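A short worksheet on the structure shown next.
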Amino acid sequence: MTPSSSPPAPATVTATCHPKFYFENGTYIILVEDSLYKLNHDILVNELAFFSDIFSLGKFVPEDKDREGRADHNPIIVKDGFLTTEIFDLFLEIKFTCPRPPAKYSADDLKNLLEFIRKFQCTTRLLSFVTSCIIEKSFSFHPSELIYLGIEYKIRALFERGFMRLCDLPLTRIKKIHHRWMGMETYVTYVYVRSHLDKYIRTVAVEAPPIVHATRCQDHKGCEEDWGVVWWNGMG
């Protein structure tokens, strides 16, 4: 379901100007939930294809003071079951202020930004920034969740990072929710790779690593035989 702008808001709409993102020199007034944002036209159309499309219809004319989006009592209402002021603030914070360090974003923040980028058709610059944050915080996500995000949002780097980490996990640690996130095809591939890795590990474990003899050792051959027996009894 794609977001939409509604007909003009009635005069009874109760809303307050956003404390950070209501710019007096902004071009259009936008209502998200109960917050009014006054933002620059160029920022909106250059960063969000959603706004570029609705402005291209000619419905919103900056010079017309009576048109929708030109007064607080008649804002452009953006309706979407997903969009909240918190999510919209995350986007505006990146565009109008200095973005946070990746560690300051929660996993939910980054997932919400990915969905915002898809729904509102943001630029690849924003997608690249969010992707880099997720990769830097990749250990905040289960490997199967990284795989899900890579598939869902068509981000190869996230899929590859998730699959490499997934192959480090034994099969017994994969739960039903992880199976659902990664999908059947990826799960089958994981089982195949994991089984080959386990076989390789067992093969390597059979052969004891080289022993370093002490300078006072008088029987290198005997030491190596004893070390082999100890290794086999422990690892075999």
Do you know which residues across segment 159-188 are assigned to a loop (DSSP other than H, G, I, E, B) and among the small types (G, A, S)?
-> G183
If L127 satisfies every condition in (1) touching a Ser or Thr at 6+ places or on another chain (Cβ under 6 Å); (2) more than 28 Å from K176 (Cβ to Cβ) but one, which is the exception?
-> (1)
Which numbered condition A157 misses (of (1) in contact with a Ser or Thr (Cβ under 7 Å, 6 or more places away or on another chain); (2) of a type outside the set (V, I, T); (3) at pLDDT below 95; (4) surrounded by fewer than 18 Cβ atoms within 10 Å (Cβ to Cβ)) = (3)
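The values are calculated or read from the model by the stated rules, or taken from the named source; none is laboratory data. Fair warning: this is a prediction, and the values are worked out from it, not measured in the lab. Note: ideal-geometry Cβ built from the backbone for every residue, glycine included; neighbour counts use all protein chains shown.
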